Number of protein chains: 2
Amino acid sequence: MELFVVNRNKDIADLSANYLFREITQRKNQFLQKNPDAKLINLGIGDTTQPLSSSVVDSFIKKAHALKTPEGYQGYGDDFGLLELRKQIASKLYNNRVDEADVFISDGAKCDLGRLQLLFDRTARITIQDPSYPVYIDTSLITGKNEIVYMSCSPENHFFKNLDELPSTDLIAICSPNNPTGAVLSHSQLKSLVDEAKRRKSVILFDAAYSNFIQDSSCPRSIYEIEGAKEVAIEINSFSKLAGFTGVRLGWSVVPKELTFNDGTSIQKDWIKIITTFFNGASNLAQQGGLACLSNDGLIHSKNTALYYLENAAALKQVFEQNGYKCYGGVNAPYLWIDLKGQKSWDVFDHFLTYAGLITTPGIGFGPSGEGFLRISAFAHKECVVEAVSRFENIFKKNKKEVYLTNF
Amino acid sequence: MELFVVNRNKDIADLSANYLFREITQRKNQFLQKNPDAKLINLGIGDTTQPLSSSVVDSFIKKAHALKTPEGYQGYGDDFGLLELRKQIASKLYNNRVDEADVFISDGAKCDLGRLQLLFDRTARITIQDPSYPVYIDTSLITGKNEIVYMSCSPENHFFKNLDELPSTDLIAICSPNNPTGAVLSHSQLKSLVDEAKRRKSVILFDAAYSNFIQDSSCPRSIYEIEGAKEVAIEINSFSKLAGFTGVRLGWSVVPKELTFNDGTSIQKDWIKIITTFFNGASNLAQQGGLACLSNDGLIHSKNTALYYLENAAALKQVFEQNGYKCYGGVNAPYLWIDLKGQKSWDVFDHFLTYAGLITTPGIGFGPSGEGFLRISAFAHKECVVEAVSRFENIFKKNKKEVYLTNF
């Protein structure tokens, strides 16, 4: 009898490990060993810090109470999420540009990105922005898609390339407002993207997870504001950055019924097969909270929370600009992308950690075009940002004076 | 310039659609159109019906309150889940047979089954029980594993085959207590499974989602009760059937550090890469509730709820046995597997729907070896079961008298 032995998924074996956040943690821990009293401030991770609204919490509590009663108890929910939540998303967030039947509730954008990869053949080629959120590349590779075209994004090209400058691919992953650069695509950039994708018969995976931060009313909050986008684009979004649900877990994807594969079959039909096989619904508590997020109160809270983080971004931007650094992002996005004037990302990261106890993210961690940049996250309590600004000022003025012990 | 067009994942295209639950819904709806006043009783789906315990709900509420305060707010949780929850699972459910570091919290067993498939190369062969929960087959096929060996399970072989009767495969998916047959593997069956997997260097995917129903103290509740299992087995489990969390969403997998691929690399290491790429943690509310499930109160509630469903199973079993049908399962599992004495699954399904307004699940929907059987789920309110028993009795006695209008 033939003996088998278990093979790794060779696409994981081939994956070059992305050590970014592990490396940051290691350097942080080394620093803390030497300086156990240091008061670190984390401007590295893109994680929300502001409390949930009362109406959202009341909604959780109401649902929790119901679950302990025979009448209110609920088992598995609808496969695609609460119908009322899908309706509210379609009407409140898309102004009914999309049909509620095309909205699929999930446990978050990252999880949907992974599942969406399963829709497409492993021979599919994919365009990914450079720099980018590492999950696009990793989920592509692990699902066997190793032909990746990189769209190099820099200040010189306003963080976008027209597709006609790039080889054609089956899939195009685009994130706007962008993580890490904070760049937001204009209506005309998005229109050129949609038109060219249509010509090429490519599918766009449009990650709009930061759309709530867009202040510039001329910039679309959804790709479906572009005519014809439903024929070429899937949109991914989430309550994480919209309502502080990073830990609560709730998101959605829009997979329009208009989308088809090259054989004419429906992409949405396969999506339904994927989510009913690889997923079992978002938590009913989270979904109930999501409904409250989309109430008038909830939406005002979201708007105010976005403004809170954007004020952080503005304060951080100011201190860099006043000291001669060019800063991108931070206006329609919670991330600043700082041009380090020729310095290496990791060198500046180390400098800020060592002399100011500030954790940032080296741009190189998001791809080769990120070298020479630093990402600074505005997700932080205001008092931390005030202290961080003061430490940056100290560093810029006095250079190398250790300022990381200040309490705040 | 070359033009691309988007290919379906051909493994989905090749998938023969499993119409089981859609077909059940269609037949149910047709019946309701003709009989709009019928009071249907659903013994089809394996979905919990009994309320959550007060301590679990209190735990949700406490967490919800915390999330609206600056001190209590929490963003992303630990990648592998709350450490305290992993500890409690290792100690309370595994008697510390597994290390807390090998326990990975998830949003449910089905989702983990899908992600686990990504660990293994698409060339991997997999053994799957027939009949079985359709997700094993579908997640195998969608991730490119189309060499499936079926382990035919019937009353004749006590719903288990020794592996030496089957060709060797890289992976072996086993569910005990079994969905749909309700069979539970004995210590000696599990030992032979582990020993033979070890000889063959196969990895067992052991689905223990119904372990809480095991009453027979000689039957292992975990595969890790078998010596050496950590070298060959991954175990999947969930709070869905343990604590009624089908809608709340919380599960876990045990991926022991002892497991390796054929190249000697660590399976756990790749698993960490998979879950940090394709997942972003279970809801913090669900995790907090999970902790309460593992308190003494919570565990007593779980035990009592399992007994409640098993009393339902016993009542249903009795009516079938008294009328000359052989029934399997229902003692250590919430499912009854009824031998239809040569009748076809769908015929009997239709008969019970038409003349008694009872929804069951045709065994054929779980695989070819399920033909001639019916799965009856004991997940229901007791009063529904009492009424269902009475309708079954009527059907058996008077045959074809329509009894589906009775209120209950």
Normalised Cα Rg of the range A:148-305, dividing by 2.2 N^0.38 Å with N its residue count, works out at 1.10
CD proxy, 222 nm, chain A: helix-only mean residue ellipticity via -39,500 (n - 2.57) per DSSP H run with n ≥ 4, per residue, nearest 500, stands at -11500 deg cm²/dmol
Mean Cβ-within-10 Å packing, highest first, puts peptides A:346-358, B:110-122 in the order B:110-122, A:346-358
HN-Hα couplings for the range B:303-320 via Karplus (6.51, -1.76, 1.60; θ = phi - 60°), in whole Hz with x for Gly/Pro, come out as 4, 5, 5, 4, 5, 4, 5, 5, 5, 4, 4, 5, 5, 5, 4, 4, 5, 5
Restricting to Cα pairs under 8 Å and 6 or more apart, the percent relative contact order of chain B works out to 22
So, with points 7 Å from each Cα along the Cβ direction, the B:K382-A:T265 label distance in nm works out to 4.9
Sorted shortest first, the nm distances from the B:H158 label point (7 Å along Cα→Cβ) to its counterparts in the other copies are 7.4
Here the convex hull volume per residue of chain A, taken over Cα atoms and given in Å³, is 182
For the range A:320-386, inverting the pair-averaged 1/r of distinct alpha-carbon atoms gives a Kirkwood value in Å of 12.2
Rounded to 0.05, the calculated FRET efficiency for the beta carbons of B:Q318 and A:I272 at R₀ = 35 Å is 0.30
One finds, for A:D216 and A:L83 with R0 = 30 angstrom and r their Cβ-Cβ distance, a FRET efficiency to the nearest 0.05 of 0.35
Output field shielding_mean for B:197-206 (other chain Cβ, 10 Å radius) holds 2
The simple spin-label model distance between B:E311 and A:S54, using points 7 Å out along Cα→Cβ, in nm, is 4.3
Distances in nm between the label point of B:Q322 (7 Å along Cα→Cβ) and its equivalents in the other copies, shortest first, are 8.6
The aspartates and glutamates whose Cα lies under 13 Å from the Cα of B:K344, excluding any fewer than 8 residues away in the same chain, are B:E371
Rounded to whole angstrom, the alpha-carbon centroid of the range B:348-398 lies from that of the range A:74-136 at a distance of 37
Sorted on mean Cβ neighbours within 10 Å (highest first), peptides A:32-43, A:253-264 come out as A:253-264, A:32-43
Taking a straight Cα-to-Cα line shorter than 15 Å from A:K317, and setting aside same-chain aspartates and glutamates fewer than 8 residues away, one finds A:D339, A:E387, A:E393
Excluding residues fewer than 8 positions from B:K198 in its own chain, the lysines with Cα under 23 Å of it are A:K10, B:K145, B:K161, B:K230, B:K257, B:K269
Stretched fully, the stretch from A:F21 through A:A101 gains (0.36 nm per residue minus C-alpha distance, one decimal, in nm) 25.0 nm
Taking R0 as 45 Å and r as the Cβ-Cβ distance between B:I300 and B:K10, the FRET efficiency 1/(1 + (r/R0)^6), rounded to the nearest 0.05, comes to 0.35
The ³J(HN,Hα) series, computed from each phi in the range B:213-218 with the Karplus coefficients 6.51, -1.76 and 1.60 at θ = phi - 60°, rounded to the nearest Hz and given as x for glycine or proline, is 8, 5, 9, 6, 5, 7
With one decimal in nm and the nearest listed first, the spacings from B:E71 to its own position in the other copies, using label points 7 Å along Cα-to-Cβ, are 3.8
As a percent rounded to 5, the proportion of antiparallel DSSP bridges among beta bridges in the protein assembly as shown is 50
Among the range A:154-170, those whose backbone N falls under 19 Å of a label point 7 Å along Cα→Cβ from A:S186 are A:154-165
For the protein assembly as shown, the convex hull over Cα atoms projects on average to an area in nm² of 33.8
Between the alpha carbon centres of the range B:42-62 and the range B:137-188 the gap in Å comes to 30
Across B:62-75, the residue-averaged tally of Cβ atoms belonging to other chains within 10 Å stands at 6
Note: A:211-224 gets an average of partner chain Cβ contacts (10 Å, Cβ to Cβ) equal to 0
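Read the figures in this text as sums done on the coordinates, not as results from a lab. Bear in mind that the values here come from a model prediction, so they are computed numbers and not experimental data. Virtual Cβ from ideal backbone geometry, glycine too; neighbours counted across all protein chains shown.
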